[in-house]
1. Residue under question is Thr42, and the condition is that it be outside any helix (DSSP H, G or I) and polar (S, T, N, Q); does it hold?
2. With the stretch 74-140 as the region, which helices (runs of 4 or more DSSP H) entirely inside it contain at least 2 residues that are among the β-branched types (Val, Ile, Thr) and in contact with a helix residue (DSSP H, G or I) (Cβ under 7 Å, 6 or more places away or on another chain)?
3. Given the conditions (1) closer than 20 Å to Tyr91 by Cα; (2) surrounded by 16 or more Cβ atoms within 10 Å (Cβ to Cβ), report the number of the one that Ile143 does not fulfil.
4. Please pick out the residue among Ile32, Ile58, Ile11 that is among the β-branched types (Val, Ile, Thr), closer than 23 Å to Val154 by Cβ, at pLDDT 90 or above and out of contact with any strand residue (DSSP E or B) (no Cβ under 7 Å at 6 or more places or on another chain).
5. Just give me the residues in the stretch 29-39 being surrounded by 13 or more Cβ atoms within 10 Å (Cβ to Cβ) and part of a helix (DSSP H, G or I), in sequence order.
6. Look at the stretch 93-115 and say how many of its residues are touching a residue at least 60 places away in the same chain (Cβ under 8 Å) and aromatic (Phe, Trp, Tyr).
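The values are calculated or read from the model by the stated rules, or taken from the named source; none is laboratory data. Just so it is clear, the model here is predicted, and its values are computed rather than measured. Note that we place each Cβ from the backbone using ideal geometry, even for glycine, and neighbour counts take in every protein chain shown.
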Amino acid sequence: MSGRVNKRAQIIDAARRCFYEQGITATGVDTIAEAAGVSKRTLYNHFASKDDLVLAYIEAREESGWRTMLASLLDDAADPVERILAYFDAYFYVNDDEEFRGCALINAAAEVGDPESPVLARLRADKERVHREIAQLVREAGISDPDSIAETLVLLLEGSVALCGVRRDVGGAAAAKRAARRMLQSWSAPSVSG
């Protein structure tokens, strides 16, 4: 069974590299099988379709790469504002074997044509989860209107990573994080009455 798990992980890792570098639509299963060092038949023994492989790729992106890093950044003892800002670090993280091309999940969503696709549903669920997590941290920071504030922060976060992906430059990460910090500080500052 361990060989089967290793082959599956090998295929998902090859898909991670190929899909992120070349795009999902442009990458055929032959390319992934070759990159994984397996036959096409072995690939299909693990994944019934390319869509199944894409879902596994998305899940791996969520759960291993930035999710693992994010978990370490979101220490429960840390200040909620710093925990929110950790998202900016996590969103701009790339694996050592990758060149930054923006958010892999946003890139994947741009390639899904069918609005009822399970892939798109999974991507939406991930983005909604991020919104909920940030809203909770805004609540913990004592900032009022957490859902609205979270929406603003998520738009800054997602927009900055998308634009930096187009530019192929992570340099905007620091500027986006500074802007988020300033906004959070202004929202949490006590109001002064006239």
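1. Considered against the rule, which asks whether it is outside any helix (DSSP H, G or I) and polar (S, T, N, Q), Thr42 comes out as no.
2. 80-91, 118-140
3. Of the numbered conditions (1) closer than 20 Å to Tyr91 by Cα; (2) surrounded by 16 or more Cβ atoms within 10 Å (Cβ to Cβ), the odd one out for Ile143 is (1).
4. Of the residues listed, the single one that is among the β-branched types (Val, Ile, Thr), closer than 23 Å to Val154 by Cβ, at pLDDT 90 or above and out of contact with any strand residue (DSSP E or B) (no Cβ under 7 Å at 6 or more places or on another chain) is Ile58.
5. Once the filter is applied, which keeps residues that are surrounded by 13 or more Cβ atoms within 10 Å (Cβ to Cβ) and part of a helix (DSSP H, G or I), the stretch 29-39 yields Val29, Thr31, Ile32, Ala33, Glu34, Ala35, Ala36.
6. The number of residues fulfilling the criteria is 1.
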